[in-house]
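Please read the structure below before turning to the comments.
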Amino acid sequence: MLAWLAGVPAAYAVSAVPRPVRAAAGPLAIGFVYMSPITDAGWTRQHEDGRLELVRALGDRVATKVVENVPENADAERVIRDLARQGCKLIFTTSFGYMDAVMRVAREFPGVVFEQASGYRLARNLGAYNIRFYEGRYLAGLVAGAMTRSNVLGYVAALPIPEVIQGINAFTFAARSVNPKVQVRVVWTQNWFDPPRERDAAQAVIRQGADVLTNHSGSSAVAQAAEAAGVWMLGYTSDMSKYAPTRQLGAVVHRWGDHYIRATRAVLEGSWRSQAFMGGLKDGMIGLEAISTRVPPDVKASVERARQRIASGELHPFGGRLVDNQGKVRQQSGVLAERDVEHMDWFVEGVVGKAVA
């Protein structure tokens, strides 16, 4: 994501006078590029569920093609180009690391619409879409802060980009709002999808005293590690209760289907425009789901109140006084500016370590 970075204003300038890209007659051929295999839970699973929703909603108006397990290197550009050459008129690329590749291919195929998940670059025929993941993380933090007994929470994270850092900070800020003694220990894996490394990272933070885990990575390994160790966990991307049937407290779940349907209809109607779309709790694109019966009723009630307040705009996960973990006051009051959220590269008070790998 790099949460749209400094390139956003320039990117918007590219599309200052947007024009529609119209689809040819007949079923719209749509390509989906996934960075990992399609499993039964995780980042790619949620995008695949979104694709299936699209197919159910639009039926024979669309014909979709999926390429899974595509690494974020030169292979990505080859795959995206092949989909365009095969006649796909709309291509969704579902990982941040594809951004440079899709930008190059978009220049070659001006008659094809491209949509990049968690990217920030725009062009006449290239849009971007993402979720305010930190809104769901805030809800998870309320549960984690209430349920921990060791006051140590473990966070297995892939890469230190703003999207990940935002989630860590929102989770920590919420947890400490109900339990000021909480500290969050982060272990980086340096890979979006690497089950063995994710498992090892989870075990490492358990050895450091964590009794509640969560993660920003692509597999079910952290859930499995929590179940094996008998510690609590909060799933991410998907409901992970299959892998932690006795230890999952809830799951921050992504829902991409509505966006896929909306974007596809716009292409079919000839009304598609390049934009940077950002969804959240209000749009139903993220939420804390599958909350366990082991979570006390008063904690569940506090989560629901926070959900409603965030969705209505009354509460912002980065509102109020914000102090980083080096003691620097980042904000005295109010709500952190969107640009500052987008470029977040620091940890809030309560996170152990630095916001770098």
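The values are calculated or read from the model by the stated rules, or taken from the named source; none is laboratory data. Predicted model only: the values in this text are computed from it and were never measured. When we count neighbours, we look across all protein chains shown, and the Cβ atoms used for this are built from the backbone with ideal geometry, even at glycine. Only protein heavy atoms, including side chains, enter the accessible area calculation; ligands, DNA and RNA are left aside. Shrake-Rupley method; radii C 1.70, N 1.55, O 1.52, S 1.80 Å.
This table checks each residue for (1) open to solvent by 20 Å² or more (accessible area, probe 1.4 Å); (2) at pLDDT below 95; (3) within 22 Å of residue 99 (Cα to Cα).
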| position | (1), (2), (3) |
| --- | --- |
| 39 | yes, yes, no |
| 44 | no, no, yes |
| 52 | yes, no, no |
| 55 | yes, no, no |
| 61 | yes, no, no |
| 65 | yes, no, yes |
| 76 | no, no, yes |
| 79 | no, no, yes |
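Taking the range 191-215, which residues are open to solvent by 60 Å² or more (accessible area, probe 1.4 Å) and either part of a helix (DSSP H, G or I) or touching a residue at least 60 places away in the same chain (Cβ under 8 Å) (or both)? Of everything in the range 191-215, those that are open to solvent by 60 Å² or more (accessible area, probe 1.4 Å) and either part of a helix (DSSP H, G or I) or touching a residue at least 60 places away in the same chain (Cβ under 8 Å) (or both) turn out to be 196, 197, 199, 200, 203, 207.
Here the range 11-25 is the region considered, the condition is being open to solvent by less than 50 Å² (accessible area, probe 1.4 Å) and not hydrophobic (A, V, I, L, M, F, W, C), and the residue that is modelled with the highest pLDDT is 20.
Yes or no, residue by residue, for (1) open to solvent by 10 Å² or more (accessible area, probe 1.4 Å); (2) not small (Gly, Ala, Ser):
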{"residue": "86", "(1), (2)": "yes, yes"}
{"residue": "101", "(1), (2)": "no, no"}
{"residue": "109", "(1), (2)": "yes, yes"}
{"residue": "126", "(1), (2)": "no, yes"}
{"residue": "141", "(1), (2)": "no, no"}
{"residue": "185", "(1), (2)": "yes, yes"}
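Can you find a residue that is within 18 Å of residue 253 (Cβ to Cβ) and touching a strand residue (DSSP E or B) at 6+ places or on another chain (Cβ under 6 Å) anywhere in the range 170-184? Explain how you work it out, then say what you get.
Keep residues of the range 170-184 that are within 18 Å of residue 253 (Cβ to Cβ), which gives 170-171, 174.
Adding the requirement that they be touching a strand residue (DSSP E or B) at 6+ places or on another chain (Cβ under 6 Å) leaves none.
No, the range 170-184 contains no residue that is within 18 Å of residue 253 (Cβ to Cβ) and touching a strand residue (DSSP E or B) at 6+ places or on another chain (Cβ under 6 Å).
When the range 65-78 is filtered for residues that are under 15 Å from residue 115 (Cα atoms) and assigned to a helix (DSSP H, G or I), the ones remaining, listed by number, are 76, 77. The set of residues from the range 39-62 being over 13 Å from residue 265 (Cα atoms), touching a helix residue (DSSP H, G or I) at 6+ places or on another chain (Cβ under 9 Å) and not in a helix (DSSP H, G or I) comprises 39, 41. Total residues in the range 167-213 satisfying the condition of being on the phi > 0 side of the Ramachandran plot and under 18 Å from the mean Cα position of the chain (by Cα): the figure is 1. Residues in the range 286-305 that are open to solvent by less than 40 Å² (accessible area, probe 1.4 Å) and either hydroxyl-bearing (Ser, Thr, Tyr) or not in a helix (DSSP H, G or I) (or both): 286, 287, 288, 292, 295, 302.
For residue 242, the conditions (1) touching a strand residue (DSSP E or B) at 6+ places or on another chain (Cβ under 8 Å); (2) touching a residue at least 60 places away in the same chain (Cβ under 8 Å); (3) among the charged types (D, E, K, R); (4) more than 25 Å from residue 278 (Cβ to Cβ) are fulfilled apart from (1). The residue that is surrounded by the fewest Cβ atoms within 10 Å (Cβ to Cβ), among those in the range 306-330 that are touching a Leu at 6+ places or on another chain (Cβ under 6 Å) and within 19 Å of residue 343 (Cα to Cα), is 330.
Out of all the residues in the range 338-357, which are open to solvent by 50 Å² or more (accessible area, probe 1.4 Å), in a loop (DSSP other than H, G, I, E, B) and at pLDDT below 95? Before the answer, list the steps.
The initial filter retains those residues of the range 338-357 that are open to solvent by 50 Å² or more (accessible area, probe 1.4 Å), namely 338-340, 343, 345, 349, 352, 354, 356-357.
When the remaining residues are screened for being in a loop (DSSP other than H, G, I, E, B), the result is 343, 345, 349, 354, 356-357.
Hits for the range 338-357 are 343, 354, 356, 357.
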